[in-house]
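Accompanying notes for the structure given below.
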Amino acid sequence: MIRNLPAEWDLEADIVAIGSGIGGLAAAITARDCGASALVLERSNLVGGVTAYSMGEIWVAGNHHEAAMGIEDSAESGYRYLKRLAMEYGDDLMILNQVVHAAVALRYFEDKMGLRMSVIPHCPDYYYGHCENSVAMGRMLEPHPFPGRSLGEWQARTRLSPQVPYGMTHTDIAAAGGVANMAKWDFAIMAGRMEKDERCLGPGLAAYFVKGALDRDIPLHTGVNA
């Protein structure tokens, strides 16, 4: 417990998000939507966090995108699948919370923030065919390309990744034979997207949430201005 509290604070908010990946940004955005004040603290000079270094995949059992494709799935099936993978080391309530609320959160951020996601084609659950309640496709989602220029002055301050081909979607990669078939990728697609700063994968996913925070005038305090 902090005992040497200052008489006055430089900044005050109902919700303080530590880090600017989608975890912190989602919390700040939801708080603002619910009428609370929020701010984000990021120690680096760029926002987007580890999310921007990722492949931008989100696992959501029983989501509405797979339902629209005619894929049968449910939160209950997702719960049983994760329980099996956890091998009795997982917390049942935490697993249940994840599978029940992930689909709700997905709908929320799509409706309220303009997030655009779609099913990654031909992307099965781990151990599909060897683990009950796994599915061949539908639970793994990826963001649609995000227009980086819409971030305004934050365009250059929102993290990209030197580790992932953020000018390509999973759909583009799969259509060319997958990650192991890089020689046959359509690099013209990548070049065109990078020229227009259309961000896919993790950088795209992070950018959607940065834009959501900016649209709500949530202060983003980085290492530059912290």
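Laboratory data are not the source of any read-out in this text; all were calculated from the coordinates shown. Remember, it's a predicted structure, so these values are computed and weren't measured experimentally. Counting neighbours? That spans all protein chains shown, and the Cβs are built from the backbone with ideal geometry, glycine included.
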(Q) Can you work out the Karplus-derived ³J(HN,Hα) for every residue in region 109-119? Use 6.51 cos²θ - 1.76 cosθ + 1.60 with θ = phi - 60°, whole Hz, and x for glycine or proline. (A) 6, 5, 6, 8, 10, x, 4, 10, 10, 8, 5
Q: Restrict the search to region 95-176; then list the GluC sites (Glu not before Pro) that DSSP places in a loop and that have at most 12 other Cβ atoms within 10 Å of their Cβ.
A: GLU132
Q. In the calculated pair distance distribution of region 105-226, what percentage of Cα-Cα distances lie above 23 Å?
A. 40
Q.
Give the lysines whose C-alpha is closer than 28 Å to that of LYS196, dropping any in the same chain fewer than 8 places away, or say none.
A. LYS112, LYS184, LYS211
Q. Can you give the direction-averaged projected area of the convex hull of the alpha-carbon atoms in the chain, in nm²?
A. 15.1
Q: With springs only between Cα atoms under 10 Å apart, run a GNM on the chain and tell me which of GLN155, GLN98, GLN163 wobbles the most.
A: GLN163
Q) Could you give the distance between the Cα centres of region 36-74 and region 111-170, to the whole Å? A) 8
Q: Name the residues whose placed amide hydrogens come within less than 5 Å of the amide hydrogen of ARG116, ignoring near sequence neighbours (fewer than 5 apart) on the same chain.
A: HIS144
**Q.** Residues GLU57 and PHE187, FRET efficiency given R0 of 25 Å [Cβ-Cβ distance, rounded to 0.05]
**A.** 0.70
Q: For every helix of n ≥ 4 consecutive DSSP H residues, a contribution of -39,500 (n - 2.57) applies; sum these over the chain, divide by its total residues, and give [θ] at 222 nm rounded to the nearest 500 deg cm²/dmol.
A: -11000 deg cm²/dmol
Q: Can you bin region 1-50 into rounded, prolate or oblate? Criterion: square roots of the alpha carbon gyration tensor eigenvalues sorted a ≥ b ≥ c, rounded for a/c under 1.5, prolate for a/b above b/c, oblate for the rest.
A: oblate
Q. DSSP beta bridges in the chain, what fraction antiparallel, as a percent rounded to 5?
A. 50
Q: Quick one: which residues, 5 or more positions from GLU198 or on another chain, have an amide H under 5 Å from its amide H? H modelled 1.01 Å from N in the peptide plane, none for Pro or chain starts.
A: GLY148
